[in-house]
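The values are calculated or read from the model by the stated rules, or taken from the named source; none is laboratory data. It should be emphasised that the depicted structure is a prediction, and the values quoted were computed from it without experimental measurement. Using ideal geometry, Cβ is built from the backbone for each residue, glycine included, and neighbour counts are taken over all protein chains shown.
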């Protein structure tokens, strides 16, 4: 059998592409490296990749002629090992997302993902509107904003910061306000890519999970199919007229390299670095509220209420009798410099730049200031390690793919965060969904022609 399209991956990009293509009657095969798991168990499937950010020194050669600067030791988050969080399985990292539907628009940050793509003549306005409807995006309703979030909002406003609701892809008619979005919503209130995979299969797509794609097959510069490995090590090939590669920014480069595309692949990695600053406030209750319900924008970074269980441990180590409900926290997420590399063995090389350091410090100080204003004991302020959760840039537009998001192999498209050139510093799921919609439209038009 020759499929019309093979879609590799079932995250935001792959699920969207498969849904759009199968709805048009195309014969679609979906291949997923991971497996399916029960809703409400998503956090058990989070895996971490170590990132050596070299926290003792920061290369600032662009501004200080190759001199080195020492990081301020008072910022304790620089003292811990850093890691990148990701999930492999049907739905990808959407299953553990906090349902943030940032439009990544230039009003928040001039170097937004949408602005970057538009500079390459790729306008996603129409697809963003469509995706917003499909994901039921809306601001967090007032009745779902908890008292701890309100406390943070009032403190921030008192300090002169602008606070606004965070757009969410949650069906609030189903939501019970449990605050456990990261676990994968058992009620189906939070959208995740499983919804689109299900709709794709209902429209006739075939899904094979637990199948690792090794490379894309091609002949004389045109796609012919894919080759991969079953769990028992058997090599299998599937034929197709088109392939959409949506394996994520850590897996897509490996498949491209194995397929003979190497120039610029794995370069320019960003991970949207973040920390969560927290403190002790008895019975704050943030852990039981919908996370990140509001935000304050500061260009290349933003702040948002966020509970992390790491804060409990850190507070206890500092001598505070903290329980989960006694933590008030704020996330700082930055647009880190896209200077990382994904090596062929899967190792990540990435250096903290002076710009990254300054953004993290600014966010830390603002967060601490807001928390103290909200009633947190100033002596209790702690921070999680630096982490990353939104890798991208490893198959960037203008370097690996063209404005149609097609590689030099005709019929091979990429539809995930790896095509975004620089860190947007914002949750990318809505943007990735729009990217995949655009790719699907291109393929549908090509197939009609």
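Observations on the structure shown:
Here's the yes/no breakdown for (1) without any contact (Cβ under 8 Å) to a residue 12 or more places away in the chain; (2) assigned by TED's automatic domain parsing to the domain that holds residue 308; (3) in contact with a helix residue (DSSP H, G or I) (Cβ under 6 Å, 6 or more places away or on another chain); (4) farther than 15 Å from residue 304 by Cβ:
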residue	(1), (2), (3), (4)
357	no, yes, no, yes
365	yes, yes, no, yes
373	no, yes, yes, yes
376	no, yes, no, yes
400	no, no, no, yes
412	no, no, no, yes
420	no, no, yes, yes
423	no, no, no, yes
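- Counting only strands (runs of 3 or more DSSP E) that sit wholly inside region 268-351, those with at least 3 residues that are touching a helix residue (DSSP H, G or I) at 6+ places or on another chain (Cβ under 8 Å) and within 22 Å of residue 373 (Cβ to Cβ) are 274-280, 301-305, 327-334.
- For the residues 248, 260, the requirement of being within 30 Å of residue 109 (Cβ to Cβ), assigned to a loop (DSSP other than H, G, I, E, B) and outside the structural domain of residue 82 (by TED's automatic domain parsing) singles out 248.
- Test: residue in region 118-132 that is surrounded by fewer than 21 Cβ atoms within 10 Å (Cβ to Cβ), in a loop (DSSP other than H, G, I, E, B), in contact (Cβ under 8 Å) with a residue 24 or more places away in the chain and not assigned by TED's automatic domain parsing to the domain that holds residue 103: no
- Any chance residue 209 is assigned by TED's automatic domain parsing to the domain that holds residue 149 and either at pLDDT below 95 or under 26 Å from residue 85 (Cβ atoms) (or both): no
- Among the conditions (1) within 13 Å of residue 244 (Cβ to Cβ); (2) more than 18 Å from the chain's Cα centre (by Cα), the only one that residue 16 does not satisfy is (2).
- Some residue of region 157-164 being in a strand (DSSP E or B), more than 30 Å from residue 5 (Cα to Cα) and assigned by TED's automatic domain parsing to the domain that holds residue 282: yes
- Hits in region 171-190 (condition: closer than 19 Å to residue 428 by Cβ and either assigned to a helix (DSSP H, G or I) or at pLDDT 95 or above (or both)): 181, 182
- On inspection, residue 360 does not qualify as under 19 Å from the mean Cα position of the chain (by Cα), farther than 20 Å from residue 294 by Cα and surrounded by 24 or more Cβ atoms within 10 Å (Cβ to Cβ).
- The number of residues in region 202-247 being within 19 Å of residue 10 (Cα to Cα) and touching a helix residue (DSSP H, G or I) at 6+ places or on another chain (Cβ under 8 Å) comes to 13.
- Selection within region 226-253 - out of contact with any strand residue (DSSP E or B) (no Cβ under 8 Å at 6 or more places or on another chain) and either within 30 Å of residue 304 (Cβ to Cβ) or crowded, with 21+ Cβ neighbours inside 10 Å (or both): 251
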